[in-house]
Amino acid sequence: MMRALKVAGYEQPTEIQAGVIPLVLDGFDVLGQARTGTGKTASFVIPILELLSPPEETPGVQAIILVPTRELAVQVHDEVVKLAYGSKVNCVAVYGGKPIRSQIEKLKRGAEIVVGTPGRVLDHLSRGTLQLRDVWCVVLDEAGRMLDIGF
């Protein structure tokens, strides 16, 4: 993790990161709120990456991050990939507006983390292409916005 943080250019935790990360690592459920650009995404991605079990121990999806839009799904997925630098963690983004076939193929190959919009996540659940039996972490990113747009 330290190497990934260095490569990402992270030197000091932001206020939200310093407040949230230790609590999550200690097993607490957390509700965090901060302005855009303050590092909220890293405040939940870093502990997820730190707490993941190896795929040999837990072969299924361990964390699911729900986001309101496809743009945010791509952004959060990219942050997971950046912070997972040097590890073999697989993250798959699932969202509408893209063919579901390629998402199904990526899910079949295995992922520890799934980032997705509620509609597409429900679609994968109904098709049986996404299993949540091994999930120990659920993140609702921009939860207020998801409620505002009817999720």
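The values are calculated or read from the model by the stated rules, or taken from the named source; none is laboratory data. Note that the structure is a prediction, hence the values are computed from the model and not measured. Glycine gets a Cβ as well: all are built from the backbone with ideal geometry, and neighbour counts include every protein chain shown. Just the protein is used for accessible areas: all its heavy atoms, side chains included, with ligands, DNA and RNA removed. Shrake-Rupley method; radii C 1.70, N 1.55, O 1.52, S 1.80 Å.
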Inset, instruction - Compare 34, 111, 63 in a GNM of the chain, Cα atoms joined below 10 Å, and give the one with the largest fluctuation. - result: 34
Legend entry - Once exposed loop GluC sites (Glu not before Pro) are cut out (DSSP; at most 13 other Cβ, 10 Å), longest piece of the chain: 58-151
Inset, instruction - Counting helices only, and only those DSSP H runs with n ≥ 4, report the 222 nm mean residue ellipticity of the chain as the sum of -39,500 (n - 2.57) divided by its residues, in deg cm²/dmol to the nearest 500. - result: -13500 deg cm²/dmol
Inset, instruction - Figure the gain on full extension for residue 29 and residue 50 (residue separation times 0.36 nm, minus the Cα-Cα span) and round it to one decimal in nm. - result: 6.0 nm
Legend entry - Largest-first ordering by accessible area, 1.4 Å probe, given options 2, 146: 2, 146
Legend entry - Listed residues 119, 128, 39, most fluctuating in the chain (Gaussian network, C-alpha, under 10 Å): 128
Inset, instruction - Would you mind getting the accessible area per residue of the chain, heavy atoms of the protein chains only, 1.4 Å probe, in Å²? - result: 60 Å²
Legend entry - Accessible surface of the chain [probe 1.4 Å, protein heavy atoms]: carbon and sulfur percent: 53 percent
Inset, instruction - Run the numbers on the chain and let me know its relative contact order in percent, using alpha-carbon pairs under 8 Å that are six or more apart. - result: 28 percent
